[in-house]
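Notes follow once the structure below has been shown.
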Amino acid sequence: MGLEIMDEIKQNYVANLVASGKREDGRGFREFREISVERGVAERAEGSARVKIGDSDVLVGVKLDVGAPFPDTPNKGVIITNAELVPLASPEFESGPPREDSVQLARVVDRGIRGSEAIDLERLCIEEGEKVWIVFIDIHILDNGGNLVDAAALGAISALLNARIPFEKWGLPAPAGEGEEEEGRESSRLPIRETPVAVTTAKIEGKILVDPNVNEENAATTKLTVISNADGSLSGMQKSGSGGLKEDEVLEMVELGIEKAGEIRENFL
Amino acid sequence: MRLDEFSANEKVERNYERLIYCCAINFYSQMYKIAVPGDLLSEETGRAGEGTYVEDGKVYASRYGVLNEKGEIKVMALSGKYVPTQGDVVIGKVVEISFPYWIVDIASPYEARLHSSEFAGAGRGAGSNARGRGRREGGARGSGMRVSAARGSGTRESAARGSGTRESAARGSGTRESAARGRGAREERIEFGDMKKYLDLDDLIVAKVAKVDALMRVDLALEEDFKIGRGSGGGSGGGRLLEISHTKVPRVIGRSGSMVRMLKEKCNCSIFIAENGRIWIKGSEENMNLVSEVISKIVSEAHTAGLTDRIADFLEPFRGNK
Amino acid sequence: MNEEREKEEEAVEKRELIKDGKRLDGRGFEELRPIKIEVGVLKRADGSCYFELGENKVIAAVYGPKEMHPRHAQDAKMAVVKFRYNMAPFSVDDRKRPGPDRRSVEVSKVSREAFEPVIMREFYPKAAIEVYVEILQSDAGTRTAGINAASVALADAGIPMKDLVSSVAVGKIDGQVVLDLNGTEDNHGEADMPIAMVARTNTITLLQMDGHLTAEEFGRGLKLAMGACRQIYELQRAALIERFSSSNSGSKSEKGGNKNGT
């Protein structure tokens, strides 16, 4: 109970600040926290990235495996995205079967990668109808400082850009004309052709602000994640939270999302 | 346990008002106007009543049901769960004994509790009957008196609330009654093992909602003749429990009690209607079947006008049924 | 039937989901599939609704408010809404494994959130309001059909609400933004965007997008979907009114639209 009351006071505090045009950490409404992206942090993974947005800390690993394609797409590789909100990241995360938050997180990240056709899946076909590369994107949340979706999505595309196809390990020849070889590594890069970036905006006290931190997330009635591509087109969207949005608010959030995604892409991808 | 005793209850009184209106519009149209959540009902926010809400200076429907625009604007829901409020009279079923409380199901999302001190200072059965008799005598004095008697008991409750705990309220009333009966005001505590002797699982009781707190903890106080039977099949008394949506209780009662009065007369049953939608009927098996049939008819046609007349027609052949 | 299927497959093969300004099922770009609504179809539930959207057949039931279990999940200030979207194993061509999968967990979550702004949860502290949506037959747009059904079922259960919620999807096929994709269109389309909305206030309570749209197409699609939600709201309301306007219980409300292949 004590904790609950504390939370409520904090929520009101954050909401009141926003109502008066300010944010808890002094940011502007259209300003992200500091972002850092570190690639290749997990040696056993084919690709990895650790993304920090403020004190949110997310590690994404990409593993590749050889398996059968889906019957309806016999000549395409497979993407499987998974997210774990491990208990070490927040007092609110519990062990056990995935809860809806982690399911949603994984599916939104997955939606962005898929919708933008970021991976050229046809080039992941080894033998039509028999063997294709399966790309596992595993999102590991280390610290929840809010806005995990944006951090996870940025981590996912960064890890994919970092990933190499382990042809050697599977005794497969690298297909002709594949991405450039690097010294000391026999495998080649994953065929990445688009860089989707997720930007989440929150609505608090009728105001729209980007990249909510954890307290702002708690105070927000509604969030909208907008995933956009280099050309400014959209490849995924998700509203969450128990509030509603007006059309002009949605349009403002989309516009802001595309703008911020451009900045992030320029600086980190 | 006569219905007349309940007319003193404010909430039922309000329901009568609604029904008076419902009956009035029978003359003009055979259909009630149905409202759906979000329907704009009025711009006079002062008239916003039950089943409505006010937003930006306008009154909207918050329920799906029959619209009543006379005076206060209300939407009478035709379904929905009973939520207890202080002063309601309910029929409850004992579902658990958790010392010092009986946990009572009152056909609501919220269970109620009855403290064992409700019995302190009074012997089992006899004491409560005496209590009941006392009140009923008061009731017989006439309707004006009845109302004031009920108000008096309300005052007693609020006075008790002022003094703090529910227990002291019960003790207070116990004391008063015992004193009136010339008995010693000695407090008797009921031990856990003895609670069953007073009320056991599945016992049906009539009780008044004494208090509902912000966390929806519901405390009950016993009504006179509180124990009415066991389970739905009826116990030694041979009565029967019916359960309907509490939103339809006013229709079963009828305008100024006309519906239930007609039912009692023509079916020769005693009928007790509680605000949580539970109805206790008692009479011959045949008559109870008839009452059950009529009540289910009322329930399924609760949204239609001219119901009392149709039920009267339906009951016509049963006049004087013994 | 088979002939039609073959024709359809042929068209899909040629990537022709639109021909002479019409879609494969004969609809225009901004046309809904036929809708049918029945209120109070289940006896056990506190409220229920059967909803058809084209080939989609969906049933929603509401229970409660009732005691919330587990207790630690209770909210001392308001009722908790539980929403379970579930597809019957036989609702799709290839049998779906029974029980919740990740998709249905997500759909359940966003659907629940689509209702939280309208349900007056503060009336029932500590209690639970349970909404169950079963997809009996699926042809794209099941979550929108489920939300439309749940909305009517909630009203039928006597749950206090500020408004009904209406839902529809827009998408993109052959480079065109169109309303309410059917299964074939969804499978071969370029984008799918379900929304839910409160028609009275034009408040969007669910918004998802899958696939690829330009910002301009998005804006246009959103407007199109919002307009369609208002149409659906009128049908939901009509079904509820009609139920108690005829003396018999149970009501039906249908919207014509083009008959497709039946």
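Applying the selection to segment A:53-80, what residues are under 20 Å from A:ASP211 (Cα atoms) and not in a strand (DSSP E or B)? Walk me through it before giving the result.
Within segment A:53-80, the first condition is being under 20 Å from A:ASP211 (Cα atoms), and the residues that meet it are A:53-60.
Those that are under 20 Å from A:ASP211 (Cα atoms) and not in a strand (DSSP E or B): A:GLY54, A:ASP55.
Scan segment C:50-65 and tell me whether some residue there is surrounded by fewer than 22 Cβ atoms within 10 Å (Cβ to Cβ), among the acidic types (Asp, Glu), assigned to a loop (DSSP other than H, G, I, E, B) and touching a helix residue (DSSP H, G or I) at 6+ places or on another chain (Cβ under 8 Å).
Within segment C:50-65, one or more residues are surrounded by fewer than 22 Cβ atoms within 10 Å (Cβ to Cβ), among the acidic types (Asp, Glu), assigned to a loop (DSSP other than H, G, I, E, B) and touching a helix residue (DSSP H, G or I) at 6+ places or on another chain (Cβ under 8 Å).
For the list (1) within 29 Å of A:ASP25 (Cα to Cα); (2) modelled with pLDDT of 95 or more; (3) more than 10 Å from chain C (Cβ to nearest Cβ), I need the number of the one condition that A:GLU217 fails.
Tallying (1) within 29 Å of A:ASP25 (Cα to Cα); (2) modelled with pLDDT of 95 or more; (3) more than 10 Å from chain C (Cβ to nearest Cβ), A:GLU217 fails exactly one: (2).
Any residue that is more than 28 Å from C:PHE244 (Cα to Cα) and surrounded by fewer than 20 Cβ atoms within 10 Å (Cβ to Cβ) - is there at least one of those in segment C:140-160? Walk me through how you get there before you give the answer.
Pass one, segment C:140-160, residues more than 28 Å from C:PHE244 (Cα to Cα): C:140-141.
Now drop any that are not surrounded by fewer than 20 Cβ atoms within 10 Å (Cβ to Cβ), which leaves none.
Within segment C:140-160, none of the residues are more than 28 Å from C:PHE244 (Cα to Cα) and surrounded by fewer than 20 Cβ atoms within 10 Å (Cβ to Cβ).
Can you name every residue in segment A:126-147 that is under 30 Å from A:ALA219 (Cα atoms) and part of a loop (DSSP other than H, G, I, E, B)?
First, pick out the residues of segment A:126-147 that are under 30 Å from A:ALA219 (Cα atoms): A:138-147.
Result: A:ASN144, A:GLY145, A:GLY146, A:ASN147.
Could you check segment B:1-103 for strands (runs of 3 or more DSSP E) lying wholly inside it with 3 or more residues that are at pLDDT 95 or above and touching a Pro at 6+ places or on another chain (Cβ under 7 Å)?
On the way: elements: B:40-42, B:52-55, B:58-61, B:65-68, B:74-77, B:89-98.
Filter on segment B:1-103 gives an empty set.
Conditions (1) facing another protein chain (nearest Cβ under 7 Å); (2) more than 12 Å from the chain's Cα centre (by Cα); (3) among the β-branched types (Val, Ile, Thr), marked per residue:
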{"position": "C:ALA114", "(1), (2), (3)": "no, no, no"}
{"position": "C:SER138", "(1), (2), (3)": "no, no, no"}
{"position": "C:ILE147", "(1), (2), (3)": "no, no, yes"}
{"position": "C:ASN182", "(1), (2), (3)": "no, yes, no"}
{"position": "C:ALA199", "(1), (2), (3)": "no, yes, no"}
{"position": "C:LEU213", "(1), (2), (3)": "yes, yes, no"}
{"position": "C:GLU217", "(1), (2), (3)": "no, yes, no"}
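Quick check on segment A:204-216. Is at least one of its residues within 19 Å of C:PRO194 (Cβ to Cβ) and either surrounded by fewer than 24 Cβ atoms within 10 Å (Cβ to Cβ) or not small (Gly, Ala, Ser) (or both)?
Here is the first cut: in segment A:204-216, the residues within 19 Å of C:PRO194 (Cβ to Cβ) are none.
There is no residue in segment A:204-216 that is within 19 Å of C:PRO194 (Cβ to Cβ) and either surrounded by fewer than 24 Cβ atoms within 10 Å (Cβ to Cβ) or not small (Gly, Ala, Ser) (or both).
Please list, ordered by first then second residue, the pairs with beta carbon atoms under 7 Å, 6 or more apart or interchain, first in segment A:224-249 and facing another protein chain (nearest Cβ under 7 Å), second in a loop (DSSP other than H, G, I, E, B) and of a type in the set (Asp, Glu).
Filtered contacts from segment A:224-249: A:SER242/C:GLU116.
Against the definition (of a type in the set (Gly, Ala, Ser), touching a residue at least 12 places away in the same chain (Cβ under 8 Å) and surrounded by 23 or more Cβ atoms within 10 Å (Cβ to Cβ)), how does C:ALA114 come out, yes or no?
On the way: of a type in the set (Gly, Ala, Ser): yes; touching a residue at least 12 places away in the same chain (Cβ under 8 Å): yes; surrounded by 23 or more Cβ atoms within 10 Å (Cβ to Cβ): yes.
Yes; evaluated as a whole, the condition is true for this residue.
Given the conditions (1) acidic (Asp, Glu); (2) under 24 Å from C:ARG237 (Cα atoms); (3) within 11 Å of another protein chain (Cβ to nearest Cβ), which single one is not true for C:GLU106?
(2)
Which number in (1) over 26 Å from C:LYS109 (Cα atoms); (2) at pLDDT below 95; (3) part of a strand (DSSP E or B) marks the one condition that A:ALA83 misses?
All conditions are met except number (1).
The values are calculated or read from the model by the stated rules, or taken from the named source; none is laboratory data. For clarity, every value in this text was computed on a predicted model and none was experimentally measured. We place every Cβ from the backbone using ideal geometry, glycine too, and count neighbours over all the protein chains shown.
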